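All remarks here apply to the structure that follows.
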Amino acid sequence: MSVVPMPGTAAEIEPPVSLWRDAWHRLRRNKLAVFGLAVVVILAFTALFGPYLTPYDFLSQDLNSRNLAPSLSHLFGTDDLGRDVFSRVVYGTRTAFLVAIVVTFIAVVIGVTLGALAGFFGGWLDRIVMWLTDMTMSIPNLLLVVVINASLKSPITSWMESRYLATLNPVYRETIWVDFLLVFGSMALISWPPYARLVRAQVLSIRSRPYITAAQALGLTNRIILMRYVVPNALGPLIVAVSAGLGTAMVLESAFSFLGVGVNPPTPSWGNMISDGLRVWQHYPHLLAAPAAVLGLASVAFSFLGDGLNDALNPRGAK
Amino acid sequence: MMMANDIRPEPSAKTGERLLDVKGLTIEIDTRNGPATIVDGIDLHVNKGETLGIVGESGCGKSLTMLSMMRLLPNKIKVTKGEANFAGRDLQKMSNSDLRKVRGGDVGFIFQDPMTSLNPVMRIGQQLAEPLIYHRGMSKAEARKRAGELLKLVGIPGAEDRLDAYPHELSGGMRQRVMIAIGLACNPQLLIADEPTTALDVTIQAQIVDLVKDLRDKLGMSVVWITHDLALIAGLVDRINVLYAGTVVEDAPVDALFANPSHPYTQGLLASIPKLSDERSTRLSSIGGTPPEPGRRPKGCPFAPRCPLAEAICHERVPSLEGLGQNGAHRVACFVAQRKLEAA
């Protein structure tokens, strides 16, 4: 005789499934998302450990072997200074991740804070925040970054040099930080408005849900309600946006490097490699193809992962 | 159990001290055409240890009165006049931080829809612990232990194991039990139940009513039960206030109300409850028309346009709530009913 489980008892015995574990199960069933996740993991691994594993140093030049085509000893060939392109692409991954993570982090912190406050409290605060986001979004991105970098870089650098000469304080000696600060800062400055808008819209819809009134009826403070009831419920779409945003930030950094306002040589970045490769692509296509392909792959992977997360974190939309 | 040790008024004090005393509360909503009155100078009170039923059809201001009393409504809806005294302090004049101590601490809420009134991304145990940590200053471990006790108190099987469940893993009835446990977490003096059974099926409804009745007797708190279902709460409440268009039209002990419904609206409500003894072919009785929209309140008695007994005076003046009989415990706001009684 077979034992038929009583309906309803299964749920009593089954261990509690958390929302995240549930989402993970759904994500694993999505092939594109798994592909995206795998590529992102490999790239992240490359960014962390790659520079220690490459056969060549990304800076060492070998003028006897310039512009070599891809071969077994140089997987992606060499560039016009005889540097190993594969090693440079690997190191560029680190630059891309560094820029993407720092920029997205700053943008998310600004965007979530402003968006959540605007959506939750409304009124004049909302109007000011929305006015700020609209204003920021109305300025052409590239133009803003070019203006910031062009106008601020040399005065800050020369100020630091004069401080160093006056005080001999080593803090002022290293001007490479100015470079990073300006690139990160200006990119974050143009990247936060979409996060702010997204979070504001989420918060507006969550604010009117019954569990918020219930939390207020429990006498909880606005701060607790915002941090524990509103923001966690707004997180799903935000995670999706961040995943896609990381890819966008990488593309953006490449665009700026391409224009010469991004990370400066000799630090390898996919963008300045593409920019260098573009000048000679008719003769040495591999110099353009290698960094461009990796950038494209990274961008597509983040986008697939974002889509997969969207479906996984939104159970009602899935299936 | 910890709760029972607290000092509570004896049930005999039901006729005594007023725990909640709402006087002339007027609530307005901002509309495109300017402010419109939704609740017009409502008076109601709850004595210590008493259970009050608030009854009326949808949109007559039942929930609105209770929510706005606790200042839980959006800015568009404002209390413009009147006071709401809880334990002798006016909730309308209280500072926000004092009010927060009353909410959840002294006054517990149970909401209509258990499906959406729990935070979907927070474990049940945490949601129960939140008010305990905030109002009672408990440590996380203490609050968790207490949360387990509360779940047991509201009759959730395997209470301790349920603490780590998310709301979506529980059935509607279980979730409403969790809501009740949250409402009771800080051992409130007053529990406001805002149509807590509307979203549940009939067998579960009865269970929830019995549960609240049981807990009330155990913990000795006052209860305000908002509903549109007179029959459901007949065995639970001591007194019923019938609301129509934001005013109390009849206030009576539960037995007196069922024995001698005096306001035509109350009579209509009672007549519209289907009876088992009815023939199959009997048409369900209903009250024609709809309640007045905010901003379009009639000049006289708000019920006059729908009232089968309306007279000329009903369209001219607003009747006040007057006591019937000797002790005046049964009060009604109706010219016709009041005159009938004087004649008798």
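What follows draws every value from the coordinates through simple rules; no lab data is involved. These numbers come from a predicted model, not from an experiment. Methodologically, a virtual Cβ is constructed for each residue, glycine included, from the backbone with ideal geometry; neighbour enumeration extends over all protein chains shown.
Values as computed for the structure displayed
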| quantity | calculated |
| --- | --- |
| Cα-based equivalent ellipsoid of region A:264-313: semi-axis lengths in Å, sorted from largest, via gyration tensor | 30, 12, 6 |
| Leading residue at positive end of dipole, the protein assembly as shown (Cβ point charges), from A:164, B:319, B:221 | A:164 |
| Under 13 Å from the Cα of residue B:76 - aspartates and glutamates, other chains or at least 8 residues apart | B:28, B:30 |
| Evaluated at q = 0.16, 0.18 Å⁻¹: base-10 log I(q)/I(0), Debye formula over Cα of region B:218-343 | -0.86, -1.05 |
| In nm, spacing of pseudo-spin labels at residue B:87 and residue B:260 (7 Å Cα→C-beta vector) | 3.7 |
| Summed side-chain charge close to residue B:204 - residues other than residue B:204 whose Cβ falls under 13 Å, Lys, Arg +1, Asp, Glu -1 | 0 |
| Eligible aspartates and glutamates near residue A:31 by straight Cα distance, threshold 13 Å, same-chain separation 8 or greater | A:307, A:311 |
| Kirkwood Rh and Cα Rg combined as Rg/Rh, the protein assembly as shown | 1.13 |
| Per DSSP, loop GluC sites (Glu not before Pro) in region B:275-332 with at most 10 further Cβ within 10 Å | B:279 |
| Shape metrics for region B:62-171, restricted to C-alpha atoms - Rg then Dmax, Å | 16.2, 48 |
| Cross-link partners of residue B:299 among aspartates and glutamates (Cα-Cα below 16 Å; sequence separation of 8 or more within a chain) | B:40, B:311, B:316 |
| Length-normalised contact order for region A:174-299 - Cα pairs under 8 Å, 6+ apart - percent | 19 |
| Region B:267-344: trypsin sites (Lys or Arg not before Pro) in DSSP coil with no more than 15 other Cβ atoms inside 10 Å | B:275, B:280, B:283, B:296, B:299, B:317 |
| Axial C-alpha extent at least 27 Å, average Kyte-Doolittle at least 0.0 - helices from chain B (DSSP) | none |
| FRET efficiency estimate (nearest 0.05) - Cβ-Cβ, residue B:30 to residue A:134, R0 25 angstrom | 0.45 |
| Overall Cα dimensions of chain B - principal axes, largest extent first, Å | 66, 51, 44 |
| Region B:174-283, Rg to Rh (Cα coordinates; Rh as Kirkwood inverse mean 1/r) | 1.00 |
| Greater than 23 Å apart at Cα, pairs in B:152/B:218; B:101/B:140; B:93/B:213; B:23/B:218; B:93/B:218 | B:93/B:213; B:23/B:218; B:93/B:218 |
| Evaluated over region B:277-344, the Cα radius of gyration and Dmax, each in Å | 15.3, 42 |
